[in-house]
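Step one of this worksheet: look at the structure below.
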Amino acid sequence: MNKWLLDHLVCPRDKMALELSDNNLTCASGHVYPVFDDIPVMLVDDVEETHAYISKTLEKVSKDKGNAQPDLIKNGIDEFVQGEIPYTSGNLYFSVQYKLKRYPIPEMRLAEGEGKWLLDVGCNWGRWTVAAAMKGYKPIGLDPSLDAVMAARRVAKQMNVEADFLVGDARFLPFAENSFDTVFCYSVLQHFSKDNARISLDEVARVLKKNGVSLIQMPNKYGIRQYQQHRRRGFTEGEGFEVRYWTPAELMNTFENKFGPTRMSVDCYFGLGIQASDIDLMPLHYRMVVLSSETLRKISTIFNPLTKVADSVYLESVNQNKT
């Protein structure tokens, strides 16, 4: 296990230091977290689940006891990624499910990493963690799915980038205060209840250094596509892992309260998860959607009011609301 990671891990329940012994991490209060195939599994098992991944992971750890896992990379692409791609990247990606010929590694809209430590919250199979490593960060990927984290480790190794991964919950980040220079989160908090999203943001602020940067993607209630989706749902708040819709004012107020100075920018239009870097993977009719989204995004950098009707936005904050 990465020494930096081991030194900065804490109990996700009480934030106490951990001791590693016999493939378990234990705090002074007696909370025990298994290390499965060199991956720390830092889940809290007695709280409301945000995703079925949590119980599935706990069951897998209990059943498999850290046994060696099979190599799932076939024809150059990990089988887990082939199946998971539309669930991490959005509905457009159902068109390429089980058909990927390369990994869709997106462009990370952050400054060059220069060796800074970055936490990718909800990394799944590691696309953003890999993107961060390629941009010069030292990334740690965290996700509640052990299967996803193991796939992420395989993908990072295959792409020859250095990254570390662990299993954890965004509401109970298992890191000491001020551990990270940067925290990134994409397509995660949009699926949480607003209370759970705010709890997760508090955790991000805690593990982020003073003046550290967070870049977090969220959905916009007034987005061109999202308004239609919300209307079809009867403007209900949402349940389970359904998307929750936030107004731009609500997002800005929340993030400025949690972190301090915050800037909102466009991620994409006409859906969630659309990435211009993946246009070559898309069938022709979807390429027009991607091109239109990217064109509007570029215009929004000049004509800022367009941000208010983007479907997906980034909140980039500087962590100044801490002593």
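The values are calculated or read from the model by the stated rules, or taken from the named source; none is laboratory data. Just so it is clear, the model here is predicted, and its values are computed rather than measured. Ideal geometry is used to build each Cβ from the backbone, glycine not excepted, and the neighbour counts take in all protein chains shown.
Which one of these does N178 not meet: (1) without any contact (Cβ under 8 Å) to a residue 60 or more places away in the chain; (2) touching a strand residue (DSSP E or B) at 6+ places or on another chain (Cβ under 7 Å); (3) in a helix (DSSP H, G or I); (4) of a type in the set (S, T, N, Q)?
(3)
Checking V183 against (1) assigned to a strand (DSSP E or B); (2) more than 17 Å from H8 (Cα to Cα); (3) aliphatic (A, V, I, L, M), which single condition isn't satisfied?
Of (1) assigned to a strand (DSSP E or B); (2) more than 17 Å from H8 (Cα to Cα); (3) aliphatic (A, V, I, L, M), only one is false for V183: (2).
Within the range 222-252, track down each residue that is under 11 Å from A310 (Cβ atoms) and of a type outside the set (A, V, I, L, M, F, W, C).
Those that are under 11 Å from A310 (Cβ atoms) and of a type outside the set (A, V, I, L, M, F, W, C): Y222, G223, R225, Q226, P248.
Is one or more of the residues making up the range 301-317 at pLDDT 95 or above, exposed (fewer than 14 other Cβ atoms within 10 Å of the Cβ), in a loop (DSSP other than H, G, I, E, B) and of a type in the set (S, T, N, Q)?
Yes, because at least one residue in the range 301-317 is at pLDDT 95 or above, exposed (fewer than 14 other Cβ atoms within 10 Å of the Cβ), in a loop (DSSP other than H, G, I, E, B) and of a type in the set (S, T, N, Q).
Of the residues that make up the range 207-229, is at least one more than 24 Å from Q320 (Cβ to Cβ), modelled with pLDDT of 95 or more and assigned to a strand (DSSP E or B)?
Scanning the range 207-229, I find at least one residue that is more than 24 Å from Q320 (Cβ to Cβ), modelled with pLDDT of 95 or more and assigned to a strand (DSSP E or B), so the answer is yes.
Of the numbered conditions (1) in contact (Cβ under 8 Å) with a residue 24 or more places away in the chain; (2) surrounded by 18 or more Cβ atoms within 10 Å (Cβ to Cβ); (3) over 14 Å from G141 (Cα atoms), F165 fails exactly one; give the number of that condition.
Status for F165: all satisfied but (3).
Going through P12, P34 one at a time, which residue ends up being in a strand (DSSP E or B) and under 17 Å from P144 (Cβ atoms)?
Only one candidate passes the filter, namely P34.
Table: residues versus (1) more than 19 Å from E59 (Cβ to Cβ); (2) not acidic (D, E).
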position: D143; (1), (2): no, no
position: K157; (1), (2): yes, yes
position: A163; (1), (2): yes, yes
position: L173; (1), (2): yes, yes
position: D181; (1), (2): yes, no
position: F184; (1), (2): yes, yes
position: H191; (1), (2): yes, yes
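Looking only at residues in the range 62-84 that are surrounded by 10 or more Cβ atoms within 10 Å (Cβ to Cβ) and modelled with pLDDT under 75, which one is farthest from L281 (Cα to Cα)?
Only one residue tops the list, namely K65.
Just checking, how many residues over the range 252-296 are in a helix (DSSP H, G or I), in contact with a helix residue (DSSP H, G or I) (Cβ under 8 Å, 6 or more places away or on another chain) and either without any contact (Cβ under 8 Å) to a residue 60 or more places away in the chain or of a type in the set (S, T, N, Q) (or both)?
7
Among what's in the range 178-232 and is under 19 Å from the mean Cα position of the chain (by Cα) and of a type in the set (F, W, Y), pick the residue that is surrounded by the fewest Cβ atoms within 10 Å (Cβ to Cβ).
Among those residues, the one meeting the criterion is F192.
If you go through the range 1-48, how many residues are over 19 Å from E177 (Cα atoms) and touching a Ser or Thr at 6+ places or on another chain (Cβ under 6 Å)?
1
Scan the range 213-237 and report the pairs whose first residue is in contact (Cβ under 8 Å) with a residue 24 or more places away in the chain and whose second residue is of a type in the set (A, V, I, L, M) and part of a helix (DSSP H, G or I), with Cβ atoms within less than 7 Å and a gap of 6+ or a chain change.
If the second residue must be of a type in the set (A, V, I, L, M) and part of a helix (DSSP H, G or I), the pairs left are S214/V204; I216/L189; M218/L189; M218/L251; Y222/V309; G223/V309; I224/V309.
Would you be able to tell me the number of residues in the range 269-309 that are in contact with a Ser or Thr (Cβ under 7 Å, 6 or more places away or on another chain) and more than 19 Å from R127 (Cβ to Cβ)?
6
Residue under question is Y245, and the condition is that it be touching a Gly at 6+ places or on another chain (Cβ under 8 Å), in contact (Cβ under 8 Å) with a residue 24 or more places away in the chain, over 17 Å from V188 (Cα atoms) and crowded, with 19+ Cβ neighbours inside 10 Å; does it hold?
Criteria not met by Y245.
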